[in-house]
Amino acid sequence: MNTADTFAQYVLPTYGRFPIVPVKGRGTYLWDDQGKKYLDFCTGIAVCSIGHCHPALTAAIQKQAGELLHVSNLFQIPQQAELAKVIVENHVKIPGKVFFSNSGAEANDGLIKMARRFGHKNRQANGEARYEVITFSQSFHGRTLGSMAATAQAKIHEGFDPLLPGFRYSLFNDLTALASAISPITAAILLEPIQGEGGVYSATPEFLQGIVALAKKHDLLVLFDEVQAGFGRCGDSMAWRTICPEIEPDGISWAKGMGGGFPIGSFWVNDRLIDDTTPLSSLMNPGSHGSTYGGNPLACAASLAVLEVIETEKLSQHAQEMEALIRKEFATWDHSIFDDLRGAGLLLGFGIKANSIPAVEGKTPAQVIVGEFIKHGLLTVPAGPNTVRILPPLTVTAAEIHEALTIIRTTLDTLTHA
Ligand SMILES: *Cc1c(COP(=O)(O)O)cnc(C)c1O
C-alpha cells in the first residue's frame, strides 16, 4: 500500500493533502520519497523558522533526549524557567509571566480563560462578571472549541454549533465597528496584528492605537495572537512592534516558529496592576490552568535553541532585508495575476487578481496556483481563497529568494499564456 492509500484507509480525512511524501529536509530544501527536491517556502506553515535540521536545534534535541524528556509540572523544570526568562527579557521586553502549552490553539484558550478571570475580577457596574472577547473578520485562532469560537470564519464553524458562547465578531481595521461592538459584558479584544491564514492582512497603526484607546476607556484587555507572526517572522521579535512599537499588550500567544518544528506553544500575561494591588498575571493562580506536556524539558530545550539562533544570527533583521529584496523584485513584475503583496518580513501574501486564471472545479484560485508551484519545485501555502502565502525559513538566503521568485514568475507566465 502506498502512503496515500494508507492515509485513505486509516487517517481521518480532515485535511486536503497535496500528493507529496516528504522524507528529508535541510535548510530551505525538502526532498520527497521520489528524490524530487523542493524549495520550501511553506516550512510546515511558518514552523521551521530556522530551516530544516538546523545543527543547533538538532544538537539541543539530541542532548536533552539523552538526559531527561519529561517530568510533570508538579516539579521545577529549569529549561522552562530559562525559556520564560528569555521570552520576557529578550523578546517581549515588558514585565510579565509565561504559561507553556503544546500548540497555538491551546495558547489562545489560555488567553481566553485569562480574559474571563479578568472579567470576574473587574466586573460590570451591576456586579455581574464580564466575559465577552471581541475578535475580527478573517481571523484564525485555532481548532479547539474555544479558539474555534474565537475564529470569525464561517467555514471553520460549519457543523460544529452550538459554539462556545462569549465571542463577538467585528470588522478588522474598522474602529467605528469596534467601538459599537463594545458592551458592558466585553472583557477583552483579541487579534492577530498580522492575520495569517485569513489572507495576510496587517492591522493599520491607527487600528492598533484605536484598540488601545478603547481598551483603556472601557477597562478591556488587549490580547495579541502572534502564533504565526511572532519571534522574528515579521521582521521584529514581536509582530505588533513592526506596526506600532509603543503599544503594550496585556497578553500574547505564540506557537509555530518558537519550536522550529518541535511542538510547543505559550502565552504571556502582563504584570501590570488591574486595581490598586492585583497584577493581571496573578489571576491565573495555582490550580487555574494546566497541561501535562506543556513546557516539558525537551520542548523547552528545543525552543531555547531556536530563540538563541534567532537572536545570535539576527534573523529578525534578516527577515526585513529579505522582504525588501522580494518587494523590490515584485515591483518590476507584470501584475496580471498577482496584483498586490501584503504582510511584513517573511509572512507575505500575494493577492490574486479576480478571474486572472482559468477556474478549476472544486479548487480556490490560491489552491490552483500553489499546485502549479509544486510542479515547478516550490512549496507555498494558500491563505484564504485568493492569496498565496510565502513563509520561507528566517534563515533563507538571497540566492534562495531569487530562485523562488524565478519559479513564481515563470509559473505565472505559463498560466498567463495558457
Ligand atoms: C496556526 C495558528 C493558530 C493555531 O495553532 P495550532 O498550533 O494549529 O493550534 C492560532 N492562531 C494563529 C494566528 C495561527 O496561525
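One residue stands out among those in the stretch 157-184 that are part of a loop (DSSP other than H, G, I, E, B), more than 11 Å from L214 (Cα to Cα) and hydrophobic (A, V, I, L, M, F, W, C): the one that is nearest to the chain's Cα centre (by Cα), which is F172.
In this entry, I45 passes the filter for residues that are within 16 Å of the ligand (Cβ to nearest atom), aliphatic (A, V, I, L, M) and within 22 Å of G371 (Cα to Cα).
So, in the stretch 147-196, how many residues would count as being touching a residue at least 60 places away in the same chain (Cβ under 8 Å) and crowded, with 23+ Cβ neighbours inside 10 Å?
First pass over the stretch 147-196, keeping only residues touching a residue at least 60 places away in the same chain (Cβ under 8 Å): 184-185, 187-188, 190, 194, 196.
Adding the requirement that they be crowded, with 23+ Cβ neighbours inside 10 Å leaves 187-188, 190, 194, 196.
Residues that pass the stated criteria total 5.
Evaluation of F99 against the conditions (1) away from the ligand (no atom under 16 Å from the Cβ); (2) in contact with a strand residue (DSSP E or B) (Cβ under 6 Å, 6 or more places away or on another chain); (3) not in a helix (DSSP H, G or I) shows that the sole unmet condition is (1).
Please pick out the residue among A319, A302, A229 that is assigned to a helix (DSSP H, G or I), within 24 Å of E192 (Cα to Cα) and not basic (K, R).
Checking each option against the conditions leaves just A319.
Going residue by residue through the stretch 37-45, is there one that turns out to be free of Cβ contacts under 8 Å to residues at least 40 places away in the same chain and under 30 Å from H376 (Cβ atoms)? There is no residue in the stretch 37-45 that is free of Cβ contacts under 8 Å to residues at least 40 places away in the same chain and under 30 Å from H376 (Cβ atoms). Any idea which of T380, T395, T410 is among the polar types (S, T, N, Q) and in contact with a Phe, Trp or Tyr (Cβ under 9 Å, 6 or more places away or on another chain)? T380 is the lone residue from the list that is among the polar types (S, T, N, Q) and in contact with a Phe, Trp or Tyr (Cβ under 9 Å, 6 or more places away or on another chain). Does the stretch 189-196 include one or more residues that are of a type in the set (V, I, T), within 16 Å of the ligand (Cβ to nearest atom) and closer than 30 Å to L307 by Cβ? Within the stretch 189-196 (the criterion being of a type in the set (V, I, T), within 16 Å of the ligand (Cβ to nearest atom) and closer than 30 Å to L307 by Cβ), the answer is yes, since at least one residue qualifies.
Per-residue answers, yes or no, for (1) more than 16 Å from the ligand (Cβ to nearest atom); (2) of a type outside the set (S, T, Y); (3) in contact (Cβ under 8 Å) with a residue 60 or more places away in the chain:
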residue	(1), (2), (3)
K216	yes, yes, no
Q228	no, yes, yes
A239	no, yes, yes
P245	yes, yes, no
D250	yes, yes, yes
G290	yes, yes, yes
L304	yes, yes, yes
K314	yes, yes, no
H318	yes, yes, yes
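The single condition from (1) within 16 Å of the ligand (Cβ to nearest atom); (2) outside any loop (DSSP other than H, G, I, E, B); (3) buried (at least 22 other Cβ atoms within 10 Å of the Cβ); (4) not hydroxyl-bearing (S, T, Y) that H141 fails is (2).
Values quoted throughout were computed directly from the atomic coordinates according to the rules given, and no laboratory measurement underlies them. For clarity, every value in this text was computed on a predicted model and none was experimentally measured. Quick reminder, even Gly has a Cβ in these numbers, built from the backbone with ideal geometry, and neighbours come from all protein chains shown.
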